[in-house]
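Asker: Have a look at this one.
The values are calculated or read from the model by the stated rules, or taken from the named source; none is laboratory data. Note that this is a predicted model, so its numbers are computed, not measured. For neighbour counting, all protein chains shown are included, and Cβ atoms are generated from backbone atoms with ideal geometry for every residue, glycine included. For accessibility, only protein heavy atoms count, side chains too; no ligands or nucleic acids. Shrake-Rupley method; radii C 1.70, N 1.55, O 1.52, S 1.80 Å.
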Amino acid sequence: MWIYEKKLQYPVRVNKCDPRMAKYLIEQYGGADGELAAALRYLNQRYTLPEKVIGLVNDIGTEELSHLEMIATMVYKLTKDATAEQMKEAGLGAHYASHDKALFFNDASGNPFSATYFTAKGDPIADLYEDIAAEEKARATYQWLINMTDDTDLIDSLTFLREREIIHSQRFREAVEIIKEDQSTKKIF
Amino acid sequence: MYTYRKYYRPYIGPFDPCPPLPYRSYETPPQLYLGFQPYNLPQNSPQDALRTGTLWPDLFAPYPNPYKVPTSEEGGEQD
């Protein structure tokens with residue numbers, strides 16, 4: 001079970017009316033390397049990984065849900081006051097036709113979210129290596145998103161999210177080291 | 001010490017249709033180098049930890065937009 005804290009992990013502010021940026025940001029909402037895929041991947045893998053790294057994967061999966069909220073907040077703020085005409089101009093006409101301003105899990109090109117974006121191989125090394133790659137791909141996506149906006153408040157939140165991907169990648173790399181280690185070796189600290 | 005960003009010069013063809021970007025860059029953040037995190041690394045204050053997104057200064061990597069950072073000759077020579 002989870003305990004919900006009714007605030008964002010990091011503040012989200014948007015200082016520029018830019019619905020087109022919402023179209024790009026949705027990549028991190030329902031895209032292949034987005035926060036939903038990340039959260040589902042880790043929270044599903046945690047059952048069958050070696051005991052020593054389950055806690056880590058559980059915690060990171062939970063944090064991804066808080067990142068999902070931040071992205072949702074950005075998209076919501078960027079489209080909240082857009083007219084139908086502005087949605088059309090921002091390339092969100094097709095989205096508007098189907099969803100009005102409602103958020104939907106799709107990528108920046110409008111492809112709906114798919115569980116095939118991630119896997120659970122059951123092999124701890126294969127799964128953790130996928131996790132590391134997923135974090136690096138999410139980090140790269142944040143870089144490309146930062147490159148496409150000059151909204152300093154948005155860049156601030158996106159930079160925070162990018163840094164979290166770095167930390168997660170570091171922790172998954174450590175998880176690999178933990179499970180590689182010879183369990184019978186006596187360690188002296 | 002390492003750099004967060006590496007540069008290379010792509011080949012510039014005589015018939016390239018767009019004005020060439022002389023350098024291309026890619027990011028090499030600290031998790032690629034740290035290995036298993038050692039004990040007792042310095043920690044950020046809670047305020048700085050929130051601002052930077054990490055408790056650990058050693059794991060912080062800034063990300064300036066590479067299209068807005070002047071890619072000087074020195075920048076290009078970094079490895």
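Asker: Inside region B:34-57, can you point out the residues that are facing another protein chain (nearest Cβ under 10 Å), out of contact with any helix residue (DSSP H, G or I) (no Cβ under 6 Å at 6 or more places or on another chain) and open to solvent by 60 Å² or more (accessible area, probe 1.4 Å)?
Answerer: Passing the criteria: B:39, B:50, B:51.
Asker: Hey, another quick one. Looking at A:94, A:133, A:108, A:126, can you tell me which residue is within 15 Å of the chain's Cα centre (by Cα), assigned to a helix (DSSP H, G or I), on the phi < 0 side of the Ramachandran plot and at pLDDT 95 or above? Let's see the steps before the verdict.
Answerer: Details: A:94 fails: within 15 Å of the chain's Cα centre (by Cα); A:108 fails: assigned to a helix (DSSP H, G or I); A:126 fails: within 15 Å of the chain's Cα centre (by Cα).
Of the residues listed, the single one that is within 15 Å of the chain's Cα centre (by Cα), assigned to a helix (DSSP H, G or I), on the phi < 0 side of the Ramachandran plot and at pLDDT 95 or above is A:133.
Asker: Under 8 Å by Cβ, and 6 or more places apart or on different chains, what pairs join a residue from region A:143-154 that is closer than 14 Å to residue A:23 by Cβ with one that is at pLDDT below 95 and basic (Lys, Arg)?
Answerer: A:149/A:16; A:154/A:16
Asker: Here's another thing I want to ask about it. Residues being within 15 Å of residue B:64 (Cβ to Cβ) and either assigned to a helix (DSSP H, G or I) or within 8 Å of chain B (Cβ to nearest Cβ) (or both): count how many of those fall in region A:140-153.
Answerer: Going through region A:140-153 one residue at a time, the tally reaches 7.
Asker: I'd like the full set of residues that are open to solvent by less than 10 Å² (accessible area, probe 1.4 Å) and either in contact with a strand residue (DSSP E or B) (Cβ under 6 Å, 6 or more places away or on another chain) or more than 8 Å from chain B (Cβ to nearest Cβ) (or both), limited to region A:154-171.
Answerer: Correct list: A:154, A:157, A:158, A:165, A:168.
Asker: At least 3 residues that are over 19 Å from residue A:137 (Cα atoms) in each: list the helices (runs of 4 or more DSSP H) lying fully within region A:1-45 that qualify. Steps first, answer last, please.
Answerer: Numbers: elements: A:19-25, A:27-30, A:35-45.
By residue number, A:19-25.
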